[in-house]
């Protein structure tokens, strides 16, 4: 069975802008995140993204704009000989109450089905309580990074206290590959 790491996008791979990144120019990677994904890929991991993008349904940006952001990320990765294996996202707002919007586990189930992975052996790296809850509901391994909303989550959500915490994605990858 393939090894995989599932990543949230905003706050894990790229910086947050207020509450949502809405333009390709506003999509700015966190220092070390692109290199971290490259290291996972070189170590034989599949890397996927599970991300909420309600800005699409709210009209803040289009799916074409979102694709441009993802293309920018993939281009940065390709210069290092890597890529993300799959990008799964929910374009709906919270009011839609859909199964794919984190904290519900739908995106993780989609990833597991497409790649035939065992979620119980798969880390889900996020910066938000919704990432932790989705990972738990899908029986994946929740991981929290301090970037993005991570520090806020640590201070305001007691249910996050038993989740492994890393400074950022690069720190998580260093420790994961060291233990391998």
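The values are calculated or read from the model by the stated rules, or taken from the named source; none is laboratory data. Remember, predicted model here, so these are calculated numbers, not experimental data. Heads up, the Cβs are rebuilt from the backbone with ideal geometry, glycines too, and the neighbour counts pull from every protein chain shown.
Within the stretch 78-109, which residues are part of a helix (DSSP H, G or I), surrounded by 14 or more Cβ atoms within 10 Å (Cβ to Cβ), touching a strand residue (DSSP E or B) at 6+ places or on another chain (Cβ under 9 Å) and touching a residue at least 24 places away in the same chain (Cβ under 8 Å)?
Answer for the stretch 78-109, where residues must be part of a helix (DSSP H, G or I), surrounded by 14 or more Cβ atoms within 10 Å (Cβ to Cβ), touching a strand residue (DSSP E or B) at 6+ places or on another chain (Cβ under 9 Å) and touching a residue at least 24 places away in the same chain (Cβ under 8 Å): 107, 108.
Go through the stretch 63-84 and give me each residue that's farther than 14 Å from residue 29 by Cβ and in contact with a helix residue (DSSP H, G or I) (Cβ under 9 Å, 6 or more places away or on another chain).
Matches in the stretch 63-84: 81, 83.
Taking residue 65, is it outside any loop (DSSP other than H, G, I, E, B) and farther than 20 Å from residue 111 by Cα? Break it down into steps so the answer makes sense when it comes.
Details: outside any loop (DSSP other than H, G, I, E, B): yes; farther than 20 Å from residue 111 by Cα: yes.
Here the answer is yes, as residue 65 does meet what is asked.
Which of the following residues is surrounded by 17 or more Cβ atoms within 10 Å (Cβ to Cβ), in contact (Cβ under 8 Å) with a residue 40 or more places away in the chain and not in a helix (DSSP H, G or I): 54, 130? Working first, answer last.
Numbers: 130 fails: not in a helix (DSSP H, G or I).
The unique qualifying residue is 54.
When the stretch 1-49 is examined, which residues are found to be out of contact with any strand residue (DSSP E or B) (no Cβ under 9 Å at 6 or more places or on another chain), surrounded by fewer than 23 Cβ atoms within 10 Å (Cβ to Cβ) and under 25 Å from residue 178 (Cβ atoms)?
1, 31, 32, 34, 35, 38, 39, 42, 43, 44 - these are the residues of the stretch 1-49 that are out of contact with any strand residue (DSSP E or B) (no Cβ under 9 Å at 6 or more places or on another chain), surrounded by fewer than 23 Cβ atoms within 10 Å (Cβ to Cβ) and under 25 Å from residue 178 (Cβ atoms).
A quick yes/no check of all residues on (1) modelled with pLDDT of 95 or more; (2) within 23 Å of residue 167 (Cα to Cα):
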residue	(1), (2)
2	no, no
5	yes, yes
11	yes, yes
26	no, yes
30	yes, yes
41	yes, yes
50	yes, yes
84	yes, yes
115	yes, no
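Checking residue 146 against (1) within 19 Å of residue 2 (Cα to Cα); (2) touching a strand residue (DSSP E or B) at 6+ places or on another chain (Cβ under 8 Å); (3) surrounded by fewer than 20 Cβ atoms within 10 Å (Cβ to Cβ), only one condition comes out false. Which one?
Of (1) within 19 Å of residue 2 (Cα to Cα); (2) touching a strand residue (DSSP E or B) at 6+ places or on another chain (Cβ under 8 Å); (3) surrounded by fewer than 20 Cβ atoms within 10 Å (Cβ to Cβ), only one is false for residue 146: (1).
So residue 157 fits all but one of (1) farther than 18 Å from residue 50 by Cα; (2) surrounded by fewer than 20 Cβ atoms within 10 Å (Cβ to Cβ); (3) under 16 Å from the mean Cα position of the chain (by Cα); what number is the exception?
Here residue 157 meets the rest and fails (3).
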